[in-house]
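The values are calculated or read from the model by the stated rules, or taken from the named source; none is laboratory data. Predicted model, so just to flag it, every value in this text is computed and none were measured. Virtual Cβ from ideal backbone geometry, glycine too; neighbours counted across all protein chains shown.
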Amino acid sequence: MNFEAINESLPLYFSGTLTTLKLLVVSLVGGLAVALPLGVMRASPKAWLSRPVWGFTYVIRGTPMLVQLFLIYYGLAQFEWMRESIFWLWFKSAWFCAMLAFAVNTCAYTTEIIAGAIKATHAGELEAARSMGMSRRTVLWRILLPSALRRALPAYSNEAIMMLHGTSLASVVTLVDLTGAAREMNSRFYLPFEAFVTAGVFYLALTFILVGAFRAAENRWLIHLKPRQ
Amino acid sequence: MLHDFLPNILSGMVITLSVGIASLLMALLLGLAGAAAKLSKSRWLVGIATLYTTVIRGVPDLVLMLLIFYGGQTLLNDLAPRLGFADAININPFVAGVMTIGFIFGAYLTETFRGAIMAIPAGQREAGIAYGMSTVQVFARITLPQLVRFALPGFQNNWLVLVKSTALVSVIGLDDMMFRAGLAAGATREPFIFYTAAAILYLAITTVSILLLQMVGKRYSIGVKAAQL
């Protein structure tokens, strides 16, 4: 192990960590915001609401995120109208394309998680709310979502960790995230072991932080479902 | 344009599937060994297996793949002269891909198998031993058939994620489906068409996998009453 080279590259890794976190937060927040209404639609008994959402999640969950990223980053550039439209300002940037691809990907998985949690809601919970005279809208906001979103937490923590690892694909489209930092260190010093093991340690630390944060969230919001001692 | 390159991409699909199946075999072996180790009484085995599953599941596939491909290469370059090889040994991307993906999904399957084995009541194993079966017979006749049943849903998930991660081996230069779609995209300047073709083929693989595994699931849950509300 050449610790001098690692030490020298640490600033690179820290700025890479920042890039990774930015990508992660933007895609998780964006994905979750869209997944909420989609999840409610997906759980709806009306086929015209749930089937199109199912189609979306099936296609996204059935194809690799790398393909989705390449489709957005390289694929859209094929079209003349795209290159001449005002959106091109965004779509020519690797940053925007990576965030969009990651957000769309996590959105599909999160939609299924939320829909699953909604469907697993006890029918009695909703019947009780209705019989108390709440409107459907009130039941949705006051009973269904608070209860379902809490129960979605454990599955969502898995998804967030998968997304943290997924952001490593950003290095393939020229962004210098944690993996990109490792690749840059490798090409600078030709020390692949040091470069990628360091990145691995960083990712492991981030994973543990995420796991800890979600455990704290579960203790805050899911305490009522913990097995009694 | 598309039909000129389609045979080429389809033969890339064969490579994608070979990588997937070869790494699945390796992952199955590692997963069974890992689950056995985690459920064993030896504290050492439990510790090693826990370290394995924690570290592997905490680091992105891409980083592990780059580590094994580039890091393994420098290791071999150092070792080759000492072992008496005159020429350097080159790691081929197929082997690196299979080793990495097999190693990663061995960790995920360890958890899947561990959960499945724990779902089998201990009394059944004890009853088998009380009837005079050897431990091998108990495993083959009592544990394994039920293990398949309990592990199938988790296994299906692991396999679908595995197939999609094989797209990453294109990053280290294996000419799989993704790589060939990229070449065709570059040659024709029609990336959208070729990445869409790749996406459709991946979707076909996942769809066929789901259908096949559903049939296997039916076969292995014969005699089990489905719970209904």
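Overview of values
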read-out: Residue match in the stretch B:15-36 (condition: exposed (fewer than 14 other Cβ atoms within 10 Å of the Cβ), over 23 Å from B:G154 (Cβ atoms) and either of a type in the set (S, T, Y) or at pLDDT below 95 (or both)); value: no
read-out: In the stretch B:153-200, the residues that are over 30 Å from B:V216 (Cα atoms) and acidic (D, E); value: B:D175, B:E190
read-out: Qualifying residue in the stretch A:62-84 (condition: in a helix (DSSP H, G or I) and away from chain B (no Cβ under 13 Å)); value: yes
read-out: The stretch B:180-202: number of residues that are within 20 Å of the chain's Cα centre (by Cα) and more than 8 Å from chain A (Cβ to nearest Cβ); value: 1
read-out: Residue count for the stretch A:151-165, restricted to those that are under 20 Å from A:L225 (Cα atoms) and aliphatic (A, V, I, L, M); value: 3
read-out: Top-ranked residue in the stretch B:83-116 [being aliphatic (A, V, I, L, M) and more than 19 Å from the chain's Cα centre (by Cα); ranked as surrounded by the fewest Cβ atoms within 10 Å (Cβ to Cβ)]; value: B:A86
read-out: Odd one out for B:A119 among (1) within 14 Å of chain A (Cβ to nearest Cβ); (2) under 25 Å from the mean Cα position of the chain (by Cα); value: (1)
read-out: Failed criterion for A:V53 (all others in (1) within 13 Å of another protein chain (Cβ to nearest Cβ); (2) modelled with pLDDT of 95 or more hold); value: (1)
read-out: Enumeration of residues in the stretch A:85-128 that are β-branched (V, I, T) and in a helix (DSSP H, G or I); value: A:V104, A:T106, A:T110, A:T111, A:I113, A:I114, A:I118
read-out: Elements of type helices (runs of 4 or more DSSP H) in the stretch B:1-75, at least 1 residues being more than 14 Å from chain A (Cβ to nearest Cβ); value: B:2-38, B:43-58
read-out: Cβ-Cβ under 7 Å pairs, at least 6 apart or on other chains, the stretch B:146-171 side more than 12 Å from every other protein chain (Cβ to nearest Cβ), far side charged (D, E, K, R); value: none
read-out: Any hit, the stretch B:206-220, residues being in contact with a Ser or Thr (Cβ under 9 Å, 6 or more places away or on another chain) and within 13 Å of chain A (Cβ to nearest Cβ); value: yes
